[in-house]
Amino acid sequence: MIRNQWYAVLPSKAVKKGGILSARRLGIDLAFFRTEDGIPGCVADQCTHRGAALSKGKVKGGCIKCPFHGLEFETDGRCRFIPANGISSKEDISRYNVRHYPVREANGILCIWYGDNDLAAGEPPFFGGYIDDTYAYSEIEDHWNSHYSRSIENQLDVVHLPFVHYNTIGKGNKTLVNGPKVIVEGISITTSANNAVDSGQKPKSAEECHINPTFVQFKFPNIWMNNISEKIKVMIYFAPVDNENTILYIRFYCKLSKIRIFNKIVAYFGKFGNRMIERQDKRVVETQIPGASALKSDEKLIPGDRPVVEYRRIREALKREAGQM
Ligand code: FES
Ligand SMILES: [Fe+2]
């Protein structure tokens, strides 16, 4: 995992007001909770007192309360109360503070900061300018038995389309890969498929290709969008569970009509299409060895893999920046 990043990890609706959700993310067992006022929190799911899972407790007065001996922790992990010591206790209890993960919530997604809490700043990346509240959306989730780098690379891979999706989005036997054109801007990678039927012509270079109106864009560390048209988008956030598992949250966004309920109905049916496509990908991506990808590896890449190479290059640069290499 790349440190010092905001990771989209859960849909907002998964953590109800006054509720707790236990979830493993980024290789850590976490307790997500939401105060009665709606403020989300995320702490390590292990009480500092004697190790019980805080996710088995309850939310009380803006705190998560351990089920074992009732220690209470605020959304920033601060221990507020130790019942056994009594309300009259004036003792400094900061040593009981639990590790917390800063949370940001926007666009119906809960994001956590993974890394040095003191560096948590800014807003998590999103596709502002493409997606806003005027769209209706549906969301499905699926658990992939793969490292998140592999599931992300798959969404930047234009070469696999006529093979993995031969009977769906890759129909037409367009096996020859022109380009693809890749545009890198900061933490974002944009590309689009320019594949063609192979009639013996030479593939076009990336320079001869352009980004189509239908394109895909990825933003580090873990969100991706397929701009199918101005009015239809598919968006995925890849929540890393640990080194072997990723949960894909896949949204179908629609604003074909001014009538919201119509858009909602289209989005509802769109999710079945998304399911069919992602299952085609999942079947193959789960078999990739080694589990995680790397810039330097034994893989023998081809020119069509350029978006994947860019992904690996930036990933490595961000890790270096975070002092991980
Ligand atoms: S283990 Fe949590 S209060 Fe004792
Ligand atoms: Fe695919």
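The values are calculated or read from the model by the stated rules, or taken from the named source; none is laboratory data. None of these values were measured; they are calculated from a predicted model. Positions of Cβ are generated from backbone atoms using ideal geometry, with glycine treated the same way; all protein chains shown enter the neighbour counts. To get the accessible areas, we keep the full protein, side chains included, count just its heavy atoms, and leave off ligands, DNA and RNA. Shrake-Rupley method; radii C 1.70, N 1.55, O 1.52, S 1.80 Å.
Which semi-axes, in whole Å and largest first, does the equivalent ellipsoid of region 5-119 have when worked out from the alpha carbon gyration tensor as the square roots of 5 times its eigenvalues?
They are 24, 15, 12 Å, listed from largest to smallest.
May I ask you to list the GluC sites (Glu not before Pro) in region 31-74 that are in a DSSP loop and have at most 15 other Cβ atoms within 10 Å of their Cβ?
Here the GluC sites (Glu not before Pro) that fit, given the DSSP loop and packing criteria, are 36.
For region 1-64 and region 201-222, what is the separation of their Cα centres, given in Å?
About 38 Å separates the Cα centre of region 1-64 from the one of region 201-222.
HN-Hα J couplings of region 5-18 from phi, Karplus 6.51/-1.76/1.60, θ = phi - 60°, integer Hz, Gly and Pro as x?
9, 8, 10, 6, 10, 7, x, 3, 5, 6, 10, 7, 4, x
In whole angstrom, how far apart do the alpha carbon centroids of region 111-155 and region 252-288 sit?
First find each Cα centre; the distance between them is then 17 Å.
Let me know the charge dipole size of region 86-165 about its Cα centre in debye, to the nearest 20, where only the beta-carbon of Lys, Arg (+1) and Asp, Glu (-1) is charged.
Roughly 320 debye, rounded to the nearest 20.
May I ask you to give the percent of accessible area on region 136-321 that is carbon plus sulfur, with a probe radius of 1.4 Å?
After summing per-atom areas, the C and S share lands at 56 percent.
From Cα coordinates alone, what are the radius of gyration and Dmax values for the chain in angstrom?
Considering the chain through its Cα atoms, Rg and Dmax are 22.2, 84 Å.
Hey, rough spin-label estimate for residue 90 and residue 321, points 7 angstrom out along Cα→Cβ, what's it come to in nanometres?
4.8
Return the sequence-ordered ³J(HN,Hα) values of region 81-89 in whole Hz as given by the Karplus equation 6.51 cos²θ - 1.76 cosθ + 1.60 applied to θ = phi - 60°, using x for Gly and Pro.
Result, rounded to whole Hz: 7, 10, x, 5, 7, x, 5, 7, 5.
Full-extension gain between residue 205 and residue 118, please, as 0.36 nm times their residue separation minus the C-alpha to C-alpha distance.
26.9 nm is the gain from fully extending residue 205 to residue 118.
Mind listing the long-range amide H neighbours of residue 241? Cut-off is under 5 Å, sequence gap 5 or more, other chains count too, H placed in the peptide plane at 1.01 Å from N.
It is 26, 246, 247, by chain and number.
Picking from 280, 175, 253, whose Cα lies most toward the positive end of the charge dipole for region 138-286 (charges on Cβ: Lys, Arg +1; Asp, Glu -1)?
253
State to the nearest 20 debye the size of the charge dipole of the chain about its Cα centre, where the only charges are +1 on K and R beta carbons and -1 on D and E beta carbons.
Result for the chain is approximately 700 debye, rounded to the nearest 20.
Which ³J(HN,Hα) values in Hz, rounded to whole numbers, follow from the phi angles of region 146-153 under the Karplus curve 6.51 cos²θ - 1.76 cosθ + 1.60, where θ = phi - 60° and Gly and Pro get x?
Couplings: 7, 5, 5, 4, 6, 6, 6, 4 Hz.
Got the relative contact order for the chain handy, in percent, Cα pairs under 8 Å and 6 or more residues apart?
18
So, R0 is 22 Å and r is the distance between the beta-carbons of residue 22 and residue 275; what FRET efficiency does that work out to, to 0.05?
0.30
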